[in-house]
Amino acid sequence: MPFGYYNIADVMMSWEQMGVFDYVLPFLLVFAIVYGILSTTNFLGREKSVSVIVSVVVALLTLR
């Protein structure tokens, strides 16, 4: 296999072995949904950093 040539099946298999589909994608999905809700409703005010922190914590807790 020459350098720089990747088969999509090999990439997907390596991602599966690394846990991308079990941990990373669900984390990103929950983070995006919670952050979108918090930023749209301005529930915590206009501070984006607070919304990011809360979204990260909720996303991590859902993976647990």
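Here are the numbers:
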| read-out | value |
| --- | --- |
| Filter result for residue 61 (in a helix (DSSP H, G or I) and surrounded by fewer than 10 Cβ atoms within 10 Å (Cβ to Cβ)) | yes |
| Filter result for residue 33 (exposed (fewer than 12 other Cβ atoms within 10 Å of the Cβ) and of a type in the set (A, V, I, L, M, F, W, C)) | no |
| Every residue from region 36-58 that is among the hydroxyl-bearing types (Ser, Thr, Tyr) and open to solvent by 70 Å² or more (accessible area, probe 1.4 Å) | 40, 41 |
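The values are calculated or read from the model by the stated rules, or taken from the named source; none is laboratory data. Quick caveat: nothing in here was measured; it's all calculated off a predicted structure. Quick reminder, even Gly has a Cβ in these numbers, built from the backbone with ideal geometry, and neighbours come from all protein chains shown. Note: accessible area is taken over every heavy atom of the protein model, side chains too, but ligands, DNA and RNA are not part of it. Shrake-Rupley method; radii C 1.70, N 1.55, O 1.52, S 1.80 Å.
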